[in-house]
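See below for the structure under consideration.
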Amino acid sequence: MVERAGVGGAPHAADGGVATWQRELKDAFTRADALLDYLDIPLTARAGVLGGTADFPLLVPRGFAALMRPGELADPLLRQVLPLTAELADVAGFGPDPLAEQAARTEAGLLRKYPGRALLVATGGCAVHCRYCFRRHFPYTDGPARGARDGVLAELAAAADVHELILSGGDPLLLDDAALGALFARLAGIAHLKRIRIHTRLPVVLPSRVTPALCRLLEDQPQRTLVVIHANHANELGDAAARGLAALRAAGLPVLNQSVLLAGVNDCVDTLAELSERLFDCGVLPYYLHQLDRVAGAAHFAVADAEARRLAAGLRARLPGYLTPLLVRETPAAPCKLPLL
Ligand SMILES: *Cc1c(COP(=O)(O)O)cnc(C)c1O
Ligand code: SF4
């Protein structure tokens with residue numbers, strides 16, 4: 001299911017062929033042993049590591065790996081991306097489609113679960129494979145796999161009650177500028193669409209994707225465009241990410257962050273507070289802190305609701321309200337993401 005950027009898409013003429021971010025993506029780690037060698041983790045310390053998974057293989061850009069602490073198997077960034085044998089456990093309550101998304105898909109492939117908003121899976125590819133991903137079993141090939149599908153655009157044009165389109169994936173910024181530009185040009189003609197929201201992890205895991213050309217494209221769209229990034233730990237936001245986020249802000253785009261509460265990664269008030277502080281330093285406000293979606297293979301990341309509430313209360317007691325994300329759970333039949341209070 002991994003679609004690499006550039007495959008089938010026109011390369012950027014302005015970049016003399018292949019853009020830096022596309023080269024970096026091709027150069028990403030795809031094998032656990034190569035990543036662990038790079039991090040100087042000795043063979044004897046690799047117990048519990050899963051060599052390979054055919055359906056959702058390891059994928060980690062080198063720049064993201066460079067933010068991990070060498071020699072530490074428990075590094076919070078490494079833990080998010082390293083396949084473990086724990087994934088193979090069949091745990092009750094964890095299934096392939098925890099949000100019943102297949103049932104919420106319209107014929108053309110839009111997800112319309114919440115009033116006023118529609119979500120388009122713009123591409124199936126990601127630049128990193130997060131082991132806890134709730135769409136890790138998503139049948140991307142069944143949907144509008146890439147960019148502007150006529151059926152989706154026709155449905156959007158007819159849906160006068162949809163005021164915000166969320167581009168999701170996979171990662172929509174893996175579409176190259178030509179594909180993204182073509183999609184945006186068609187969205188520009190839909191008058192009832194007021195906002196375009198981009199859900200992307202690329203400014204964090206592949207910051208070179210935030211080029212001046214991309215910023216211009218987003219800035220020039222007649223609809224208000226905002227970006228929601230995904231970072232779970234302050235260490236994910238290195239200097240390159242900070243520069244890209246500053247560029248998005250300089251283009252006038254609001255930038256928010258959503259994170260997932262993950263055991264062994266950020267299930268600690270200090271860690272969550274550091275993340276909020278670092279986000280703010282990068283011009284980003286926290287939005288949601290998600291309780292883990294119960295997807296098969298991710299049970300080892302689960303944090304109990306009582307503990308999640310305790311962490312959220314601890315964070316609220318420490319930080320200003322605008323630096324405190326809302327703890328939510330996504331529930332298949334609910335009209336919104338439900339706060340855990
Ligand atoms: C999360 C989500 C949204 C957006 O919800 P907000 O509360 O507006 O962030 C919209 N559609 C679907 C299908 C979603 O999963
Ligand atoms: S970047 Fe997002 S969609 Fe892609 S694997 Fe990670 S959580 Fe899933």
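In the chain, one over the average inverse separation of all distinct C-alpha pairs is 20.5 Å, which is the Kirkwood hydrodynamic radius. Surface exposure of the chain, expressed per residue as accessible area with a 1.4 Å probe, stands at 41 Å². Directionally averaged projected area (segment 187-274, Cα convex hull): 6.4 nm². Ordering 52-61, 265-274, 86-95, 35-44 by mean Cβ neighbour count within 10 Å, with the highest value first, yields 265-274, 52-61, 35-44, 86-95. For Thr225, nonlocal amide neighbours, meaning residues 5 or more places apart or on other chains whose placed amide H falls under 5 Å from its own, are Ile196. Sorted on the mean count of surrounding Cβ atoms within 10 Å across their residues, most packed first, peptides 222-228, 96-102, 333-339 read 222-228, 96-102, 333-339. When segment 20-88 is described by a simple charge dipole with +1 on each Lys and Arg Cβ and -1 on each Asp and Glu Cβ, the residue from Pro57, Leu25, Met68 located farthest towards its positive end is Leu25. The local environment of Ala250, defined by Cβ-Cβ distances under 13 Å, has a net charge of +2 under the rule Lys, Arg +1 and Asp, Glu -1.
For segment 20-88, the normalised intensity computed at q = 0.14, 0.16, 0.26 Å⁻¹ comes to -0.39, -0.51, -1.27 (log10 of I(q)/I(0), Debye sum over alpha carbons, equal scatterers, no solvent). Rounded to the nearest 20 debye, the dipole size of segment 19-81 about its Cα centre is 100 debye, using +1 on the Cβ of Lys and Arg and -1 on the Cβ of Asp and Glu.
Listed values for segment 223-235 are Karplus-derived 3J(HN,Hα) couplings in whole Hz (6.51 cos²θ - 1.76 cosθ + 1.60, θ = phi - 60°), namely 6, 5, 10, 10, 10, 10, 8, 9, 9, 10, 8, 4, 5, and x replaces Gly and Pro. How big is the charge dipole of the chain about its Cα centre, in debye rounded to the nearest 20, if each Lys and Arg gets +1 on its Cβ and each Asp and Glu gets -1 on its Cβ? Roughly 640 debye, rounded to the nearest 20. With a 1.4 Å probe and every protein chain kept in, tell me what percent of the accessible surface of the chain is carbon plus sulfur. C and S atoms contribute 57 percent here. Here segment 265-341 and segment 30-66 have alpha carbon centers that stand 27 Å from each other. Answer rounded, prolate or oblate for segment 122-226, using the Cα gyration tensor with square roots of eigenvalues a ≥ b ≥ c: rounded when a/c is under 1.5, else prolate when a/b is larger than b/c, else oblate. Because a/c hits 1.5 or more and a/b fails to exceed b/c, segment 122-226 counts as oblate. Amide H to amide H distances under 5 Å link Leu84 with Leu50, where only residues 5 or more positions off or on other chains count and H is placed in the peptide plane.
The values are calculated or read from the model by the stated rules, or taken from the named source; none is laboratory data. Given the structure is predicted, the values throughout are model-derived calculations rather than measurements. Every residue, glycine among them, receives a Cβ derived from its backbone with ideal geometry; neighbour counts consider all protein chains shown. The accessibility values were calculated without ligands, DNA or RNA, using every heavy atom of the protein model including side chains. Shrake-Rupley method; radii C 1.70, N 1.55, O 1.52, S 1.80 Å.
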